[in-house]
1. Can you tell me the mean projection area, over all orientations, of the convex hull of region B:245-375's alpha carbons? Units nm², please.
2. Compute the helix-to-body angle for B:499-514: its Cα long axis versus the longest principal axis of chain B, expressed 0 to 90° and rounded to tens.
3. Seen from all sides and averaged, what is the projected area of the convex hull of the Cα atoms in chain B, in nm²?
4. Quick check of the Kirkwood formula: for region B:56-242, what is the inverse mean of 1/r over all pairs of different Cα atoms, in Å?
5. Neighbouring Cβ atoms within 10 Å as the yardstick, rank A:55, B:558, A:228, B:418 fewest first.
6. Using the 10 angstrom Cβ neighbour count as an exposure proxy, how do B:571, A:188 rank, fewest first?
7. Shape of region B:147-206 from its Cα gyration tensor (a ≥ b ≥ c, root eigenvalues): rounded if a/c is under 1.5, otherwise prolate when a/b > b/c, or oblate?
8. Projected area of region B:421-464, taken from the Cα convex hull and averaged over every viewing direction, in nm²?
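Nothing in this text is a laboratory measurement; each read-out follows from the coordinates by a stated rule. Please read these numbers as outputs of a predicted model, since none were measured by experiment. Cβ placement follows ideal geometry from the backbone for every residue including glycine, while neighbour counts extend to all protein chains displayed.
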């Protein structure tokens, strides 16, 4: 492939820089959050996260290099692999009452649900592109709904309600984008709700209990209310300028559970105050707006849908997570992309951003 | 941003994406306003709250599920444990407190003082002073609370073992997760100090048994003292397990085997359910509920009789004459002999330069297979094995589950060993000699089997050729009695052997106990027909200087009853106890007597005796309330 001058002109440095900045802040915050942990294993989490960042950045480069139309040709394959790995989770994951979300591959464990997020976006974009002429036909929509439901149901079973809802939201927003009428979408939704009681009767008592806890986190004995109260104290006490690096007494002294994963934003807000939080929010806002613009400017339907899906996925997670930490949205276990501790999430988000950049720089190529 | 209209392929997309930009912007604005509210407008208030953070979360341990026997008898339960904590910051008079505490807790005063000093670096964290103090001490501490500022008590449920070390190896024990475990991915949800089932059923079913811990949100003052209980989330007790164990058989087995070393397993041959499980010497699982002391651990781990080894599962012994049943089956199936083939049973048998003995010093004359099994004639089986050849014998042994793990799932399983010519060449580097076949025929030489394998094999003989997977948990249920999981029998395979062959072998086993010349007459019970097989497995002579106990042979006895419709199969191996008929058969007999107690009822002439009383169904028994710590 000859290197076109326009490829470089349209190269989206700012987006990559934004992502790297956020990831860097994440590693720093994980370091602060876990520096006082009682387990030595936990104290090294930031190093692991840094390693994952390097892996993710490498994949980002790969995702930028290969023409996204080529990547699109393998969309169904990726989707199939993601579904396959989701199916493996109950076989190889940890057996117990807790959730099973990881698969072990030798020395490392990965979370197939993270892969499924990106795979679903790719697959739906490809699916609609293949049916360009009858994109809003009810049959097309039923197919798209099925493609979304399969991974969502597999993820619910783990159980991971947050991710499952996210998959549904991404699927539905892509359907809305291609122009599905509400009068097609509503009956499908109602039909699905009607199925729920039937599924319910098949569940065993303890499975029901699990689901109830996920639907209503207040049933969780550790109490979501406690999480939010502590998280608000941590964020609020940061005040305008923050308490400074490593001086986050709230989030460091174990008052805040899950401080390095779902509540990482609180660690950051306590240390860097309103100005720091604003900066993080601005970075995410830029990422969302740029992503949506790329979707609008894309040359073809596939690129446009892919860019839209990726942006929705990252943006929705970011806004939901921050909303949860600030106590304006319910507690569902959704990580903050690029900042929360988690290798699979980091790697897949960076890869997705690579795809986004790819769409942007090839917008004049066809 | 001006080129969209000509470039974008689908109509309406720009409009809709544009709308989403507006929505996203609105959400971000809301979040910014919220941040402004929290951090700038209310920041002062939150900072004040943070400075003396008043809300704390205190975990409340969930009681573990209770383990019941098959009829609802409690095997493992919970009891409250009282732990004494001290918050160093709150101790106003360290010297006096150390003295008073030392007196009350029976600890050296210096030790208490030392702990108080060591805790200075984490002044606000409650420090565990002593776990599991007796109830009287707890009352005494409560009474003197005012003299002891900073000292607090916590109650949490720990395992209690009303039946002592009963079936300890099968049930397992519970102790805190250790550091090595915490470093592993599958323990990511565990906190240091959390109890975890470390062996047996407690470990395998830990996820079911452990329950979900509750928590208390407490408000504390600036000194960390409790001022108010804000909210309490009740812990959810773990699921109860109903095991296949039959307490009556288990008790009988423990009593009859008490002074011996070795293993006993009873199984229901119709399903593979484990009815009793003894591994001697046993250990007290209660030692582990609090942190086990270094001395206790040293005694357990260093004991030359290996009390921690789970013998029925992990002990691998030469099966001795029990293996003759396999040889008989292989010989009949391959056509090497028929039930009426007559062979001599001399005192010795010469093969090349080697002489192999019978276990009796005199010859027993010409006999058929039936008598050879009953009298356990070695020389008869030497000849049969040579006629049959090693391959069919190996194949038959494998059919009956020897040489493989049976999948009980409670820890490392001994696989035993069925030696083959190929194996010998590979591992020892020597070819297979006819002498190897001869010695294998009587279950000596290189053959090894675990007691669990032997009882599973004999169960298959007893039930007509079905090899069941052994299992111990019948049902998992919530403490309200709702079913969570129900387990049933699992067939490993139908053994490829004809009913006629099995009949001949069973007749032989019947004669072992009931014939005047049988080797297992000590297991005879007047009111129930027992079939069985004795075995004595030679222990390889150890070097001089070893203790004497190591020199005697192991005695085996395997049996089932009633002989014509078997309901219970039993294996007993008494280590270094000499002949199986003397050491092990009476133990098996005691267990079978417990399984089939002799009920005497006065029956008027001409009437049928009343039906025996039914055992109460499990569900009808009252369920104990779970112990909840407060």
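1. With every direction weighted equally, the projected area is 13.1 nm².
2. With both axes taken from Cα atoms, the answer is about 90 degrees.
3. For the Cα atoms of chain B, the hull's average projected area reads 48.3 nm².
4. 18.4 Å
5. On the way: A:55 16, B:558 35, A:228 20, B:418 24.
With the sparsest Cβ surroundings first, the list reads A:55, A:228, B:418, B:558.
6. Ordered from fewest to most neighbouring Cβ atoms within 10 Å, B:571, A:188 come out as A:188, B:571.
7. Note, shape of region B:147-206 comes out oblate.
8. On the way: hull surface 15.9 nm².
About 4.0 nm², averaged over all directions.
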